[in-house]
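What follows is one structure encoded as structure tokens, with my remarks underneath.
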């Protein structure tokens, strides 16, 4: 594949807001081409204009926040710079070219040439180390989005690192990804895994550009599918004893094959059953799609049914201990981000829950995100989660999550 074809493919993936690329790559472009249906079919012109204005304010705010040296927030975590790059490259990235180029230099300064990983080693010992899987995954997506052919070898090497980071060899964590493969810890989770799967799918085009005879890098997708199933809170697909047959929980997802962060229930037989997590449910659905599971597959259908019947843009946690407190909003922007990507990849806009009103997720997501933006006196705007767990008190992180989600929800590159 030549350079022009490479850049053209990037435009399909990143400038068309993921939707067309994911549907085309995953479901094909013939009988699997999807259409919306039902009421509220379209985003109104006024709402579309509000969204475009919010995106422009958010991008202008991000540009203003970039630090000397090209990074945002903490320079020790390149993902915090890669997320703004991802947001800025969607749509027309030309006005932000200088900002993006400066950020790319910082990301490249975090590359480990031998392994291909993109992270900075921490100054002190931490459980997750320098979060190499997370930082590498987000960084390689951002570098691919830039569309500079000179970055191809870096992305290819990062793919080699990511493929080598997948835990294989049996056990409940096999097929997934953890924080740091160098620790040898028997641990993976769906959050790290979905980001790794996403990075491998959205950068797979660079494999066509390898030198003749060079080995292609990829993960074991069958092992990934098995791992995803072990996180699926549904006894039909998961033999783990915690899989919950309760209709209010069945079909959602847990954090990893041995933990949920939504609380637990104990049945009459004394067996602990997991409650389902909203953010992980969308991560699970998106992971199935990346792993080539068809949208009509019962696993995907069970997931989308749970998601539609638990539609909620206000709270990210279903843990009973957090209900009615500010802690319900922990990880809210993460959830809105992965929710938008998951629903866009699934390819349906309008849903009718069993006992709720029909809704168009794009319309409601846009209204929610536009309404949450905080506008400064200079006309720029940002997003922030006042409940700052999972780093969402960082305005740059929350703003990047929101901008990516808003542009995907809009469904076309903003003009």
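The values are calculated or read from the model by the stated rules, or taken from the named source; none is laboratory data. For clarity, every value in this text was computed on a predicted model and none was experimentally measured. Note that we place each Cβ from the backbone using ideal geometry, even for glycine, and neighbour counts take in every protein chain shown.
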Notebook entry, point to check: part of a helix (DSSP H, G or I) and in contact with a strand residue (DSSP E or B) (Cβ under 9 Å, 6 or more places away or on another chain), is that true of residue 47?
Noted result: no
Next item on the list: Sort out which residues of segment 234-250 are under 19 Å from residue 282 (Cβ atoms) and more than 25 Å from the chain's Cα centre (by Cα), and write them in order of number.
Entry: 244
Next item on the list: Would you point out which residue out of 313, 286 is surrounded by 23 or more Cβ atoms within 10 Å (Cβ to Cβ) and at pLDDT 95 or above?
Entry: 286
Item checked: Of all residues in segment 253-268 being without any contact (Cβ under 8 Å) to a residue 60 or more places away in the chain and not in a strand (DSSP E or B), the one that is farthest from residue 171 (Cα to Cα) -> 268
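Without any contact (Cβ under 8 Å) to a residue 12 or more places away in the chain and surrounded by 17 or more Cβ atoms within 10 Å (Cβ to Cβ): does that describe residue 329? It would help to see each step written out before you state the result.
On the way: without any contact (Cβ under 8 Å) to a residue 12 or more places away in the chain: no; surrounded by 17 or more Cβ atoms within 10 Å (Cβ to Cβ): yes.
No; evaluated as a whole, the condition is false for this residue.
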Next item on the list: Check whether at least one residue in segment 218-226 is surrounded by fewer than 23 Cβ atoms within 10 Å (Cβ to Cβ) and over 25 Å from residue 258 (Cα atoms), and report yes or no.
Entry: yes
Note to self: Being at pLDDT 95 or above and assigned to a loop (DSSP other than H, G, I, E, B) is the filter here; which residues of segment 77-106 pass it?
What the structure shows: 77, 78, 90
Checklist line | Complete set of residues in segment 212-251 that are farther than 15 Å from residue 276 by Cα, touching a helix residue (DSSP H, G or I) at 6+ places or on another chain (Cβ under 7 Å) and free of Cβ contacts under 8 Å to residues at least 40 places away in the same chain | finding: 216
Check: Can residue 376 be described as surrounded by fewer than 18 Cβ atoms within 10 Å (Cβ to Cβ) and either under 20 Å from the mean Cα position of the chain (by Cα) or under 26 Å from residue 79 (Cβ atoms) (or both)?
Finding: yes
Notebook entry, point to check: From the set of residues in segment 107-149 that are buried (at least 20 other Cβ atoms within 10 Å of the Cβ), in a helix (DSSP H, G or I) and free of Cβ contacts under 8 Å to residues at least 60 places away in the same chain, which is farthest from the chain's Cα centre (by Cα)?
Noted result: 107
